[in-house]
1. So which strands (runs of 3 or more DSSP E) are wholly in region 1-76 and hold at least 3 residues that are exposed (fewer than 15 other Cβ atoms within 10 Å of the Cβ)?
2. What are the pairs, 6+ residues apart or on separate chains, where a residue within region 14-30 that is of a type in the set (D, E, K, R) has its Cβ under 7 Å from a residue that is open to solvent by 60 Å² or more (accessible area, probe 1.4 Å)?
3. Anything in region 77-93 that is in a strand (DSSP E or B) and of a type in the set (S, T, N, Q)? List them, or say none.
4. Identify all residues within region 17-58 that are among the charged types (D, E, K, R) and farther than 17 Å from Gln80 by Cβ; write none if there are none.
5. Restricting region 135-183 to residues that are hydrophobic (A, V, I, L, M, F, W, C) and surrounded by 16 or more Cβ atoms within 10 Å (Cβ to Cβ), which is farthest from the chain's Cα centre (by Cα)?
6. Can you tell me which residue within region 82-92, out of those that are over 11 Å from Lys60 (Cβ atoms) and surrounded by fewer than 22 Cβ atoms within 10 Å (Cβ to Cβ), is farthest from the chain's Cα centre (by Cα)?
Amino acid sequence: MNIVQNLEHEIKKIIMIHTLLSKVGIETWKDIPDFEGLYQVSNLGNVRSLRFNKIKLISKCRSSTNRYVVNTYYKKKKKQMKVSVLMAMAFLNHKPCGHKLVVDHIDNNKLNDRLYNIQVITQRQNCSKDKKGSSKYTGVTWDKRVNKWKAYIRIKQKLRYLGYYKKEKEAAQAYQNELKKLL
């Protein structure tokens, strides 16, 4: 292994240790990128301020989307931030990038901000991971009117139909083929 691979391996081990500690309730703290020396977040979902040479736990509140948020101050500007995003930044090396990669709660409980319950996935994965419907495949549904499987894909908020198929797996393959064209 080269130096970069060794470093990546060590980082994965450290993340795994923090994750395991969060499962048993042992709290560890890390600086939040871009807020080093000002704020830290724990693997249990707590945030503390280091401003003015005082360590102070910051009160969390629920946002309108029922997620825990905290108010941070940077260069005299107040900014409300999701605790789960701060955790992903500190522990999972996540760099917020709009909607391309998102922070997901594995158990779908938006208030469970422990590290073992946080992952960074694509927006497409997040939309389809908990999909409930007639098919086990993303982009496939049973159409009762024609008694066939229908394949479709959503691209930039527009739904594109890919056709009807007798077999569910064929419809899923049509979806996968269309998805590969996009990548």
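The values are calculated or read from the model by the stated rules, or taken from the named source; none is laboratory data. This structure is a prediction, so every number in the text was calculated from the model and none was measured. Using ideal geometry, Cβ is built from the backbone for each residue, glycine included, and neighbour counts are taken over all protein chains shown. These accessible areas exclude ligands, DNA and RNA; they are computed on the full protein's heavy atoms, side chains included. Shrake-Rupley method; radii C 1.70, N 1.55, O 1.52, S 1.80 Å.
1. 68-74
2. Listed by first residue and then by second, the contacts come to Lys23/Tyr116.
3. Here is the first cut: in region 77-93, the ones in a strand (DSSP E or B) are 77-82.
The answer is Gln80, and nothing else.
4. Selection gives Lys23, Glu27, Lys30, Asp31, Glu36, Lys54, Lys56.
5. To start, the set of residues in region 135-183 that are hydrophobic (A, V, I, L, M, F, W, C) comprises 140, 142, 146, 149, 151, 153, 155, 159, 162, 171-172, 174, 179, 182-183.
This time we only want the ones that are surrounded by 16 or more Cβ atoms within 10 Å (Cβ to Cβ), so: 140, 149, 151, 153, 162, 171-172, 174.
On the way: Val140: 24, Trp149: 30, Ala151: 26, Ile153: 22, Leu162: 29, Ala171: 28, Ala172: 25, Ala174: 27 Å.
Top of the filtered list is Trp149.
6. Phe91
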